[in-house]
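Down below is the structure, laid out as structure tokens.
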Amino acid sequence: MASTIKNNLIIELHVPDLNVVKDFYSKLGFEVKVDDDVNETDLGYVTMFRRDKIGNTLLNFYGGDDRVYNQSYFKDFPKDTKRGYATEVTIPVSGIEALYKSVTTYLKQHIVRELVESKDHEYKWKDFRMEDPFGFYLRFTELLDWGQE
């Protein structure tokens, strides 16, 4: 297993309400790092950051009101299309049992798969799955070695 995450991938999720984002993700241990307000001309932007001893997770959120549905690519889909369909956002964490206990206390209705232990070849890990308020599918997992250098 790897001990830290080294990755340059940046994810930006388009959402209609940034206050819901801040409330939901703060209950998962994320902090607001950037918070640009929505105004009459521009949509807002929020960066949420989760510090962990195995690596840090950064999620970016764009939008803040119904104008997000007019984005050049996403405007071709109905507003009620589930966000993140066929996509899994995987977030490795240390102390997964403590996080899961917190989630069952504050966000239980968002759990779509309970905490389970899995085994594949020489690796063994625990993970659980959630759906955020906008339909993004989240997997919280113990760190695995995904072929990192």
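With point charges of +1 on the Cβ of Lys and Arg and -1 on the Cβ of Asp and Glu, referenced to the Cα centre of region 36-149, which listed residue (Tyr45, Leu107, Thr57) lies farthest in the positive direction of the dipole?
Leu107
Can you work out ³J(HN,Hα) from phi for every residue in region 9-25, in order, using Karplus 6.51 cos²θ - 1.76 cosθ + 1.60 and θ = phi - 60°, giving whole Hz and x for Gly and Pro?
5, 10, 10, 10, 9, 8, 9, x, 8, 6, 5, 5, 4, 4, 5, 5, 6
Explain nothing, just the number: dipole magnitude of region 1-126 about its Cα centre with +1 on each Lys and Arg Cβ and -1 on each Asp and Glu Cβ, in debye rounded to the nearest 20. Intermediate values should be presented prior to the final figure.
Numbers: 18 positive and 20 negative charges, 125 e Å.
For this selection, approximately 600 debye.
How far is it, in nm, from the label point at Asn8 to the one at Phe74 when both lie 7 Å from their Cα along the line to the Cβ?
My value for the distance between the label points is 2.6 nm.
Based on the Cβ-Cβ distance from Glu40 to Asn60, what FRET efficiency comes out when R0 is 22 Å, to the nearest 0.05? Write down the numbers at each step before the final one.
Numbers: r = 22 Å, r/R0 = 1.01.
Plugging the Cβ-Cβ distance into 1/(1 + (r/R0)^6) gives 0.50.
Could you run the Karplus curve 6.51 cos²θ - 1.76 cosθ + 1.60 with θ = phi - 60° over region 73-85 and give me ³J(HN,Hα) per residue in whole Hz, x for Gly and Pro?
With coefficients 6.51, -1.76 and 1.60, one gets 8, 6, 5, 7, 10, x, 4, 8, 4, 5, 5, x, 3 Hz.
By how many nm would the segment from Ser118 to Thr90 lengthen if fully extended, with 0.36 nm per residue of separation less the alpha-carbon distance? Display every interim value, and only then the final one.
Working: separation 28, 0.36 × 28 = 10.08 nm, distance 1.53 nm.
Gain in length upon complete extension: 8.5 nm.
Given charges of +1 on the Cβ of Lys and Arg and -1 on the Cβ of Asp and Glu, with all other atoms neutral, how large is the dipole of region 47-104 about its Cα centre, in debye to the nearest 20? Provide the component values of the computation, followed by the final result.
On the way: 9 positive and 7 negative charges, 27 e Å.
Charge dipole, region 47-104, about its Cα centre: 120 debye, nearest 20.
Here, each number is a calculation from the coordinates, and none is a lab measurement. The structure presented is a predicted model; accordingly, all values stated were derived computationally and were not measured. Using ideal geometry, Cβ is built from the backbone for each residue, glycine included, and neighbour counts are taken over all protein chains shown.
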